[in-house]
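The values are calculated or read from the model by the stated rules, or taken from the named source; none is laboratory data. Just so it is clear, the structure is predicted and the values come from calculations on it, not from any experiment. Every residue, glycine as well, gets a Cβ built from its backbone with ideal geometry; the counts of neighbours run over all protein chains shown. Surface accessibility is based on the protein's heavy atoms, side chains included, excluding ligands, DNA and RNA. Shrake-Rupley method; radii C 1.70, N 1.55, O 1.52, S 1.80 Å.
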Amino acid sequence: QVQLVESGGGLVQTGGSLRLSCSASGRTFSVYAVGWFRQAPGKDRGFVATIEWSGSSIKYADSVKIRFTISRDNAKNTVYLQMNSLKHGDTAVYYCAAGQPSSYDAQKYEYWGQGTQVTVSS
């Protein structure tokens, strides 16, 4: 089992920044790919970014490329999502998930956190 806890969400103005953290405990976290997904009210959960276990492979949704950066520190069992130039459309609950291998598909991930709310005021 892997337990995931997201933190770092909050209220920010358009153009602002936030850094989300996904902290893991339980089984060896470093062997898992980690993905960030988000779900806005009335919409399906959508892919944001993913990072392979070693950090060597990273992918982003087109809507967040350049603005968001995913990284991981396996020594700290933590994955980060740095979000810059935030837009109102980025407002959602953000979830991190762990699984193998790295994927855009939420169904490929085995473990999920409870989510953290990000609200971008326009």
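Residues considered: Ala61, Ala75. Of these, the only one that is under 15 Å from the mean Cα position of the chain (by Cα) and either modelled with pLDDT under 95 or over 19 Å from Val2 (Cα atoms) (or both) is Ala61. Count of the stretch 49-59 residues, restricted to those that are under 13 Å from Val79 (Cβ atoms) and loosely packed, with under 12 Cβ neighbours inside 10 Å, is 1. Please go through the stretch 87-121 and give me each residue that is more than 29 Å from Gly15 (Cβ to Cβ) and either outside any strand (DSSP E or B) or in contact with a helix residue (DSSP H, G or I) (Cβ under 6 Å, 6 or more places away or on another chain) (or both), ordered by number. Residues satisfying the conditions are Gly99, Gln100, Pro101, Ser102, Ser103, Asp105, Gln107, Lys108.
Checked against (1) open to solvent by 50 Å² or more (accessible area, probe 1.4 Å); (2) more than 11 Å from the chain's Cα centre (by Cα), Thr69 passes all but a single condition, namely (2). Scanning the stretch 8-17 for residues that are surrounded by 14 or more Cβ atoms within 10 Å (Cβ to Cβ) and either of a type in the set (D, E, K, R) or part of a strand (DSSP E or B) (or both) returns a single hit, Val12.
Conditions tested, residue by residue: (1) of a type in the set (D, E, K, R); (2) outside any loop (DSSP other than H, G, I, E, B); (3) open to solvent by 50 Å² or more (accessible area, probe 1.4 Å).
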site	(1), (2), (3)
Glu6	yes, yes, no
Arg19	yes, yes, yes
Ser25	no, yes, yes
Val34	no, yes, no
Phe47	no, yes, no
Ala75	no, yes, yes
Tyr80	no, yes, no
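For residues that are basic (Lys, Arg) and part of a strand (DSSP E or B), scanning just the stretch 55-73, find the one that is nearest to Gln39 (Cα to Cα). Step by step, filter the stretch 55-73, then rank; the result is Lys59.
The residues of the stretch 10-37 that are among the aliphatic types (A, V, I, L, M) and closer than 23 Å to Thr91 by Cβ, listed by number, are Leu11, Val12, Leu18, Leu20, Val34.
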